[in-house]
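The values are calculated or read from the model by the stated rules, or taken from the named source; none is laboratory data. Quick caveat: nothing in here was measured; it's all calculated off a predicted structure. Counting neighbours? That spans all protein chains shown, and the Cβs are built from the backbone with ideal geometry, glycine included. Only protein heavy atoms, including side chains, enter the accessible area calculation; ligands, DNA and RNA are left aside. Shrake-Rupley method; radii C 1.70, N 1.55, O 1.52, S 1.80 Å.
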Amino acid sequence: QVQLVESGGGLVQPGGSLRLSCAASGIFFKLYDMGWYRQAPGKQRELVATITSGGSTNYVDSVKGRFTISRDNTKNTVSLQMNSLKPEDTAVYYCNAKRTVMNYWGKGTLVTVSS
C-alpha cells in the first residue's frame with residue numbers, strides 16, 4: 001500500500017519560513033521522481049518543484065530563489081524548504097511520486113501566509 005504523508009504546514013507571517021516534509025512508504029523510493037504541488041482556493045493545482053530520481057531539480061518561476069526541494073533516499077523523504085513566504089504562497093501543498101505510469105499523491109498540508 002502506497003502512502004505519502006505530508007507534514008510541516010501551518011500559519012506563518014509574510015517573510016517567514018516553513019519546511020514541509022513528505023514520508024513515503026510502499027514504493028521503491030529512490031526510483032521515483034518526487035514533487036510538490038499546491039492548490040490555492042479557487043485555483044487549479046500547480047507544480048511547485050520537482051526532484052528526479054537522479055537529483056535534478058525544477059521550480060516554478062514564482063518560487064525560484066525562495067524554495068528548495070531535497071530528498072533523502074535513506075529515509076524515503078522529500079522536503080521543501082520555503083523561505084521569504086508571501087501571502088500568494090497560501091495553499092494546500094501536496095506531495096507527488098511519479099514513475100512511468102505510476103502516479104501517487106498525498107492528502108496535502110495547508111500553508112497559510114498571513115499577518
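Measuring from centroid to centroid over Cα atoms, what is the spacing of region 90-109 and region 28-84 in Å?
10 Å
Take every Cα pair under 8 Å in the chain that's 6+ residues apart, average their separations, divide by the length, and report that relative contact order as a whole percent.
On the way: 275 pairs, mean separation 41.5, N = 115.
This gives 36 percent for the chain.
For region 2-41, calculate the relative contact order in percent as a whole number, restricting contacts to Cα pairs under 8 Å that are 6 or more residues apart.
Details: 30 pairs, mean separation 16.6, N = 40.
The value is 42 percent.
If you roll a 1.4 Å probe over the chain with all protein chains in place, what percent of the accessible area is carbon or sulfur? Can you show the working numbers first?
Working: 3010 of 6220 Å².
Solvent-exposed carbon and sulfur of the chain make up 48 percent of the total.
Relative to the Cα centre, what is the charge dipole magnitude of the chain, using +1 at the beta carbon of each Lys and Arg, -1 at the beta carbon of each Asp and Glu, and rounding to the nearest 20 debye?
My answer is approximately 140 debye.
Provide the per-residue ³J(HN,Hα) series for region 26-34, in order, calculated from phi with Karplus coefficients 6.51, -1.76, 1.60 and θ = phi - 60°, each as a whole number of Hz, with x at glycine and proline positions.
x, 10, 7, 3, 5, 8, 9, 7, 10
Mind ranking Val5, Val60, Val48 by accessible surface for me, highest first, 1.4 Å probe?
Details: Val5 80, Val60 40, Val48 0 Å².
Accessible-area ranking of Val5, Val60, Val48, largest first: Val5, Val60, Val48.
With no solvent and one equal point scatterer per Cα, compute the Debye intensity ratio I(q)/I(0) for the chain at 0.12, 0.18, 0.21, 0.22 Å⁻¹ and report its log10, rounded to two decimals.
The Debye formula, applied to the Cα set alone, gives -0.37, -0.84, -1.13, -1.23.
Could you report the accessible area of Leu47 in Å², rounded to 10, computed with a 1.4 Å probe on the protein chains as they sit in the structure?
Counting only protein heavy atoms, the figure is 60 Å².
Under 5 Å between amide H atoms, partner at least 5 residues away or on a different chain: which partners does Val48 have, H built in plane at 1.01 Å?
Those qualifying (amide H under 5 Å, at least 5 residues apart or on another chain) are Trp36, Tyr37, Arg38.
Return the single residue from Lys30, Lys98, Lys75 with maximal mean-square fluctuation; model: Gaussian network over the chain, springs between Cα atoms under 10 Å.
Of Lys30, Lys98, Lys75, the most mobile in the Gaussian network model is Lys75.
Tell me the per residue accessible area of the chain using a 1.4 Å probe; a whole number in Å² is fine.
Details: 6220 Å² over 115 residues.
I get 54 Å² per residue for the chain.
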